[in-house]
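This report concerns only the one structure given below.
The values are calculated or read from the model by the stated rules, or taken from the named source; none is laboratory data. No experiment lies behind these values; they were computed from the predicted model shown. Every residue, glycine among them, receives a Cβ derived from its backbone with ideal geometry; neighbour counts consider all protein chains shown.
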Amino acid sequence: MAPYSRLIKFIAVAVVLGTPAAAYAKQPSPFTFSAGDTGLQLGGPGLAPEIRVAPNDLPGVKRVANDLAADFGKVLGVNGTTVVADWNTTVSQRGNSRPLVLLGTLGRSSLIDALVTLKRLDTTAVANKWETFSYQVVHSPWDGRDAVLAIAGSDMRGTIFGAYDVAEQIGVSPWHYWADVPPTKRQYIWAGDNVHTEGPPSVKYRGIFLNDESPGLTGWAGNKFKKSQYGSPFITDFYKLIFELVLRLKGNYVWPAMWSSMFYLDDPNNGPTATEYGIFMGTSHHEPMARADKEQGRFLNGSWDWASNKAGVQAFMEEGVRRSKNWSTVYTLGMRGSGDAASPTLTSSALQEVIQWQQSTLKRILGRPLSEIPQAWVMYKEVPGYWQKGMNVSEDVTLLWSDDNRGNIRRIPIGTEGARSGGSGMYYHFDYVGSPRNYKWINTIQLQKTWEQITLAYDSGIRNIWIANVGDLKALELPTAHFMALAWDRTSFTDVRSTRDWLEVWSARQFGEPAAEPAASIMTTYGKLTARMKYEDLSMTPFAFSTINYDEAENNLNEWTDLLNQAQAVYDGLSAELRTPFLEMVLHPVMAGRGVYEIYTKTALGSKYANEHRTSANRLAREVQAAFAADADLTKRYHSLLNGKWDRILAQTHIGYNNWQEPSANSLPKLSWVTTSAKNALMGVSVQGSSAFFPDTAKLTLPAISPYMSPSDQRWLEVYTRDNGTFTYKITSNGSYVRVTDAERTLSAPGGLSDSRSLITIDWAPVPPGLSVAALTITNLNATSITATVLLPIENYRVPTTNFTGHVEASSVVAIEAEHFAPSPASSPEYMVIPDYSRTLSGVKLPPQTAPQPPGAGPVLVYPFWTFTNASAASFTVYLSPSENANPNSPNRYSFSVDGGSLATVQPVPLTDGSTEPSGWSQAVIQGAYVAKSSLGRLGAGKHELRLWLLEPTMVLTKVVVDVGGLKASLMGPPESFRIGG
C-alpha cells in the first residue's frame, strides 16, 4: 500500500485538532473550518451538502450515504441530504447550488465512472485494489458546476471507508455511540485541493470477536433489544451498531457473540444485514462451517464426535454452508471437542479427513474453487500439535495462528508455511476465560506490547486475517482502536514510538486537543501498571508485590495514586460533554484499577501490620472495606451514565478469585485486625526491608545505605502504637553524620497520629571510608527504660576512577534497566528500544526479521558495572517479556559472558509439542515476565563488563540484575542502580 497513506490521515487529524504529535504535522489537512477559508464550501450556517449516490451502486454505499449526511448534521447542526440519481439527472440539475458530494464505487457508480471517463477524476491509485479509497475536490465536473467532492472506492468497502473517513476528518469519532464521543461542532467546512488516498489495507480481513459476553454485554443488550425466540438479545438492531463501528474503524470481519447465541438463527436478518453492510462474518475457533456452538445441542443428531457420528456431524456442518452461501462469510474449518475443549478422539489423520471433507463441501455447495472461498483453520490451544505432526491440508486455507490468550504469540509461520496461497492469520486476545485466571472485566492491555507482538506477526508474514477477542467491547475501546489501526496500515507504525504518537492523535480526537498529551501519558502509564499483574491475578497468595523488600507494594500503590490524581485533574478540566468519554475510557479504568490494587495491597500490608500488632492494622482494614464499597459505587456510577445507557455493561465480578473461573460475587479478601490490650507494649518499631520488629526483637538492622543508591531508594524506620495510649519517642544516633527526620514525636491511639516514618540520610563528607555501622536508639520518653536499637550499615565505597561509565553496586546488587546499555560501538546499533514497554521502563529486542543468531555472535548488548563486594557465588538474573517460542525450530535463547569469560547460553522457555503451553508459562504470564537466573561463580570487586546476546527476534529483554549477595525476593526486582554518566 502507499506507505504514507495512514500517515496523511494522522496528519490531517493533527492539523485539524492542533495535536502536539509533531511526527504527524508535515502534511496539510484536506479540510479546514474557519469562515474565511477557501476551497469547496461543504458547510456553513444553515448549509450542509447533498450526498449523491448512483442508482446502480451497491446497497452498502447507499446506506453509508445516509450516515455521512447525518454525520455532517452532527457537526454542523443541520443534516446533509441523500439523493440517489444517475449521471444524466445530476448534470441536468443546473439550478442546484447546494454543495455536492459524489459517493461511489468504481465500476458500479455511473457518477464516479463518468468523471473518470471525462478525465475529471484520476483513480489510478484506487482502481483494481482491495478496499482502497480516495477523495478529492473535482473542479468543473460538468457545465454549470464549479466543484464537487468526489469519494471513490475500489469496491463497496473502499467506498464505505472513504465516507466514514470524511466523517472522522470533519469531527465524528468512530466511537460516537460506543464511547459517547461528542462530534466536534463546526460553523464552516471547506475542502481543499489535497488528494487523500488510503489502502489497500495491510491485513485483508480485520475484525473483532465478541466473546465471554456474559454477564456484561448480554445483560446490557437484554435491556436494550428485543430477545429472539431463543432468548438472545443479539438481534439485527444490535449488530448494526457493531457493524457500523467495525466499518468506521476500517475493519471488515466479525465473529459474533456465541456464549448463549446463534447468530444466524437469533435473527434471520443478521446474515443478510452483515453482507449488506459489507461485513464478512466468521465463527469462532471451535465453531466450524458457519454453525454456532449452541446449535449443536439443539440441532445436531448424535454426539459432536467425528469418530462415532461422522454422518451426523457432516449433515450439521453442510447445513451451515447452505444457510450462509449467499452471504459474505469466512468459513472456519477444522474441529475441536464439544464446548470449546480438546477432542478426546481426534487424531492428526482424522482432523485431516475433517478438513478435506469440509473443503470439498465448500466447493460443491458454493460452486467456486477453494482459492476464491475465504476459509480459516484456527491454530488454537491443542490444534498446533496436530499440525506439527504433519498433515496434508490444501494451502487455500488460512492458518490462523493464536496467541497464548495472554497476548504472547505462540507461533509464526516457518518453512514453507509462509508461501501458502491462503496465507496466515492471527487470533489475538484482549479478554479471556480460562487458566490461569479469567480477565474479562476492564482493559488490562499494554498497547506497546500489542505493537511489539503484532509487528512480529506482520513482519513474519501473518497478513491475511487478524481477529481480536474484545470481550464485551465496552471497556476495551482503546486496545480495539489500536489493533484496528495497526491492521489497516501497519506501515505507519514502523517506528518504536509510533504507538505513543498514535495515542496522542487518537486522544485528541476523543477528548479534545488540550487533553491529548495528558490522556496519552495517563494511558501509557496505565498500561505499564496493568502489565505488572492483571486484577484477577492479585488474589493469588502470597501477595505478589513484596511488602518487605524494595518498598515494592507501597511504591506500586503510590504510582496508582499519582496516576489517579493526574486523571482526575484532566477530567475536572474538561467540558461536560467530553467528561463522559474521558470517564469511560480513561478515568474509570484508572479509578477502578487503583481501587482493586488498594484492596489487595492494603490487605497484604494489614497482615504485616497485624503481625507487628500495630493499631493501624485496623485502620488499613477499614480502608480496604471502604475501597471495596467504592468499587461497587463506581460500577453504579458507570451504569448511571447518560440516564442508564450503559446499565449492566460492567457487571463482571473481579475481586475474590480463588481459581481460574470468576467468583459468583465480588468478595473481600480476609482482613487482619488487632485487639488492643494493656498487656501489649505501647511502642513498636519496624525498619525498611525486614519483617522483624521491636519489641519482638531488640535490635533491628536496616539495608545498607550507600552514596550509589538508586535515587528513588530511601532508608527509613517507623515508630507506631501497639496499644491504645499516648507516648513520645525520640531517635538519637551515635554518628553525627546520620540525619533523621521526625526524630521526636508524640503518637497516640485511638484517634491520633499512630504511625510515624523517619527518613534517614547521610552527610557523606565526614563518613569514614569502607563499611561502618551506625546505631540509632529509639526511646519511649514516657518509659525511658524502653528502647529499641536500629543498626544502619554504611557502605562508603567509591569508584576510584573518573573514566568509568556504568552502573554501580549498592546493597550488594547491581540492577540495570535493559535500555541502559553502553552506546555504540560497544553495543550493536541493531537493537530496538521499545519505550514504555513491560513493567518498569522499556524493552529491548532485535528487529522482527532478524535471523536467529548463534551463541555469542551477532548483535551484542554491553553493560559496564562496578562492584565493591568480593563475591564467592555471584549470580545473574534476566527479566524477559513472557514471549513464547514463536519459532519452534529456533526457541528463545540468550547468551552472556562477564569480563570476556566463558560463554553461557540460556533457553528460558522450554519447547513443547505444540499442543500445550511450556512449563513455567502460568507463572510467567501472571507475573508478566520470564525470570531466568544463572550462576556467575566468583566475582571480584572492581570494574566489570557484561555482554549479552539476544539470539532470537521473538524475545524482549526488560531488566538484568547482578547479585553479589544482596538480592531480595520481589516481583519486579530491585530498582535500577545508580548509573555514573547516565
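Just for segment 484-524: of the residues that are among the hydroxyl-bearing types (Ser, Thr, Tyr) and either at positive phi or not in a loop (DSSP other than H, G, I, E, B) (or both), which one is surrounded by the fewest Cβ atoms within 10 Å (Cβ to Cβ)?
Filtering segment 484-524 down to residues among the hydroxyl-bearing types (Ser, Thr, Tyr) leaves 491-492, 494, 498-499, 507, 521, 524.
Narrowing further to those that are either at positive phi or not in a loop (DSSP other than H, G, I, E, B) (or both): 491-492, 498-499, 507, 521, 524.
Working: THR491: 15, SER492: 24, SER498: 20, THR499: 28, SER507: 28, SER521: 19, THR524: 18.
Taking the candidates together, the pick is THR491.
Here's a check for you: in segment 898-915, which residue that is outside any loop (DSSP other than H, G, I, E, B) and of a type outside the set (Ser, Thr, Tyr) is nearest to the chain's Cα centre (by Cα)? Talk me through it step by step, then tell me what you get.
Going residue by residue through segment 898-915, those that are outside any loop (DSSP other than H, G, I, E, B) are 898, 904-906.
Filter once more, so that each one left must be of a type outside the set (Ser, Thr, Tyr): 898, 904, 906.
Details: VAL898: 36, ALA904: 34, VAL906: 29 Å.
Among them, the one singled out is VAL906.
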Expected single match for within 19 Å of GLY806 (Cβ to Cβ) and either aliphatic (A, V, I, L, M) or crowded, with 21+ Cβ neighbours inside 10 Å (or both) among THR958, THR954, THR877 is THR958
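Being outside any loop (DSSP other than H, G, I, E, B) and touching a Ser or Thr at 6+ places or on another chain (Cβ under 6 Å) is true for just one of LYS730, LYS636. Which residue is that? It would help to see each step written out before you state the result.
Numbers: LYS636 fails: touching a Ser or Thr at 6+ places or on another chain (Cβ under 6 Å).
The conditions single out LYS730.
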Options LEU76, LEU111; residue that is out of contact with any Ser or Thr (no Cβ under 9 Å at 6 or more places or on another chain) and either more than 30 Å from ALA576 (Cα to Cα) or not hydroxyl-bearing (Ser, Thr, Tyr) (or both):
LEU76
Looking at (1) under 15 Å from LYS185 (Cβ atoms); (2) modelled with pLDDT of 95 or more, which one does LEU40 not meet, given that it meets all the others?
(1)
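Only residues that are on the phi > 0 side of the Ramachandran plot and of a type in the set (Asp, Glu): list them for segment 721-756, please.
Of the residues in segment 721-756, the ones on the phi > 0 side of the Ramachandran plot are 725, 742, 751.
Result: ASP742, single match.
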For a quick check of your reading of the model, give me the residue pairs whose first member lies in segment 206-231 and is assigned by TED's automatic domain parsing to the domain that holds ASP266, whose second is of a type in the set (D, E, K, R) and surrounded by fewer than 18 Cβ atoms within 10 Å (Cβ to Cβ), with beta-carbon atoms closer than 7 Å and at least 6 apart or on different chains.
PHE225/ASP237
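Within the bounds of segment 156-172, is there any residue that is polar (S, T, N, Q), outside any helix (DSSP H, G or I) and not assigned by TED's automatic domain parsing to the domain that holds LEU574? Walk me through it before giving the result.
Keep residues of segment 156-172 that are polar (S, T, N, Q), which gives 159, 169.
Of the ones still in play, those that are also outside any helix (DSSP H, G or I) are none.
Taking every residue of segment 156-172 in turn, none turns out to be polar (S, T, N, Q), outside any helix (DSSP H, G or I) and not assigned by TED's automatic domain parsing to the domain that holds LEU574.
Residue-wise test of (1) surrounded by fewer than 20 Cβ atoms within 10 Å (Cβ to Cβ); (2) closer than 23 Å to ASP696 by Cβ.
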{"site": "ASP755", "(1), (2)": "yes, yes"}
{"site": "PRO766", "(1), (2)": "yes, no"}
{"site": "SER772", "(1), (2)": "yes, no"}
{"site": "SER785", "(1), (2)": "yes, yes"}
{"site": "VAL790", "(1), (2)": "no, yes"}
{"site": "ASN803", "(1), (2)": "yes, no"}
{"site": "VAL813", "(1), (2)": "no, no"}
{"site": "PHE821", "(1), (2)": "no, no"}
{"site": "GLU830", "(1), (2)": "yes, no"}
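Would you check if ASN96 is in the same structural domain as ALA150 (by TED's automatic domain parsing) and without any contact (Cβ under 8 Å) to a residue 24 or more places away in the chain? Let's see the steps before the verdict.
Details: in the same structural domain as ALA150 (by TED's automatic domain parsing): yes; without any contact (Cβ under 8 Å) to a residue 24 or more places away in the chain: no.
Here the answer is no, as ASN96 does not meet what is asked.
Across segment 284-341, what is the number of residues that are assigned to a loop (DSSP other than H, G, I, E, B) and modelled with pLDDT of 95 or more? Let's see the steps before the verdict.
Of segment 284-341, the ones assigned to a loop (DSSP other than H, G, I, E, B) are 284-287, 291-292, 300-309, 325-328, 330, 334-336, 338-340.
With the extra rule that they be modelled with pLDDT of 95 or more, the set shrinks to 284-287, 291-292, 300-309, 325-328, 330, 334-336.
Adding up the residues that qualify gives 24.
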Result of the Cβ filter at 7 Å on segment 333-349, keeping first residues that are more than 17 Å from TRP259 (Cβ to Cβ) and without any contact (Cβ under 8 Å) to a residue 60 or more places away in the chain and partners that are β-branched (Val, Ile, Thr) and surrounded by 15 or more Cβ atoms within 10 Å (Cβ to Cβ), at least 6 apart or interchain, is GLY334/VAL354; GLY334/ILE355; GLY334/VAL378; GLY334/VAL383; MET335/VAL354
Filter segment 38-84 for residues that are in a loop (DSSP other than H, G, I, E, B) and closer than 21 Å to PHE161 by Cα and give the result.
ALA48, PRO49, ALA54, PRO55, ASN56, ASP57, LEU58, ASN79, GLY80
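Please specify each residue of segment 239-283 satisfying the condition of being among the hydroxyl-bearing types (Ser, Thr, Tyr) and either modelled with pLDDT of 95 or more or crowded, with 24+ Cβ neighbours inside 10 Å (or both). Even if it seems obvious, please write down each step before you answer.
Here is the first cut: in segment 239-283, the ones among the hydroxyl-bearing types (Ser, Thr, Tyr) are 239, 253, 260-261, 264, 273, 275, 277, 283.
Those that are among the hydroxyl-bearing types (Ser, Thr, Tyr) and either modelled with pLDDT of 95 or more or crowded, with 24+ Cβ neighbours inside 10 Å (or both): TYR239, TYR253, SER261, TYR264, THR273, THR275, TYR277, THR283.
Would you call SER691 of a type in the set (Ser, Thr, Tyr) and at pLDDT below 95?
Numbers: of a type in the set (Ser, Thr, Tyr): yes; at pLDDT below 95: no.
Considered against the rule, which asks whether it is of a type in the set (Ser, Thr, Tyr) and at pLDDT below 95, SER691 comes out as no.
Is it true that SER109 is surrounded by 14 or more Cβ atoms within 10 Å (Cβ to Cβ), small (Gly, Ala, Ser) and in contact with a His (Cβ under 8 Å, 6 or more places away or on another chain)? Walk me through how you get there before you give the answer.
On the way: surrounded by 14 or more Cβ atoms within 10 Å (Cβ to Cβ): yes; small (Gly, Ala, Ser): yes; in contact with a His (Cβ under 8 Å, 6 or more places away or on another chain): no.
When the stated conditions are applied, SER109 does not pass them.
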Among LEU106, LEU76, LEU121, which is the only one that is at pLDDT 95 or above, touching a Leu at 6+ places or on another chain (Cβ under 7 Å) and aliphatic (A, V, I, L, M)?
LEU121
Which one is surrounded by the most Cβ atoms within 10 Å (Cβ to Cβ) among residues in segment 421-464 that are farther than 20 Å from ASN211 by Cα and basic (Lys, Arg)?
LYS449
Can you name the condition, by its number, that ASP237 falls short on among (1) over 19 Å from PHE430 (Cα atoms); (2) under 21 Å from the mean Cα position of the chain (by Cα); (3) among the charged types (D, E, K, R)?
(2)
Looking for something crowded, with 21+ Cβ neighbours inside 10 Å and part of a helix (DSSP H, G or I) - is there at least one such residue anywhere in segment 392-399?
no
Looking only at segment 409-420, count how many residues are surrounded by fewer than 22 Cβ atoms within 10 Å (Cβ to Cβ) and either outside any loop (DSSP other than H, G, I, E, B) or of a type outside the set (Lys, Arg) (or both).
7
Taking ALA665 and the conditions (1) touching a Pro at 6+ places or on another chain (Cβ under 7 Å); (2) surrounded by fewer than 16 Cβ atoms within 10 Å (Cβ to Cβ), which numbered condition does it fall short on, given that it satisfies the others?
(1)
When segment 219-238 is examined, which residues are found to be hydroxyl-bearing (Ser, Thr, Tyr), closer than 15 Å to LYS294 by Cα and surrounded by fewer than 23 Cβ atoms within 10 Å (Cβ to Cβ)?
SER228, TYR230
So, in segment 776-793, how many residues would count as being in contact with a strand residue (DSSP E or B) (Cβ under 6 Å, 6 or more places away or on another chain) and either part of a strand (DSSP E or B) or free of Cβ contacts under 8 Å to residues at least 40 places away in the same chain (or both)?
12
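What about ALA969, is it among the small types (Gly, Ala, Ser), under 23 Å from SER883 (Cα atoms), part of a loop (DSSP other than H, G, I, E, B) and in the same structural domain as LEU841 (by TED's automatic domain parsing)?
Numbers: among the small types (Gly, Ala, Ser): yes; under 23 Å from SER883 (Cα atoms): yes; part of a loop (DSSP other than H, G, I, E, B): yes; in the same structural domain as LEU841 (by TED's automatic domain parsing): yes.
When the stated conditions are applied, ALA969 passes them.
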I'm trying to understand the selection: among the residues of segment 532-562, which are among the aliphatic types (A, V, I, L, M), buried (at least 22 other Cβ atoms within 10 Å of the Cβ) and assigned to a helix (DSSP H, G or I)?
ALA553
Search result, residues across segment 472-483 that are part of a helix (DSSP H, G or I) and farther than 15 Å from TYR253 by Cβ:
GLU477, LEU478, PRO479, ALA481, HIS482
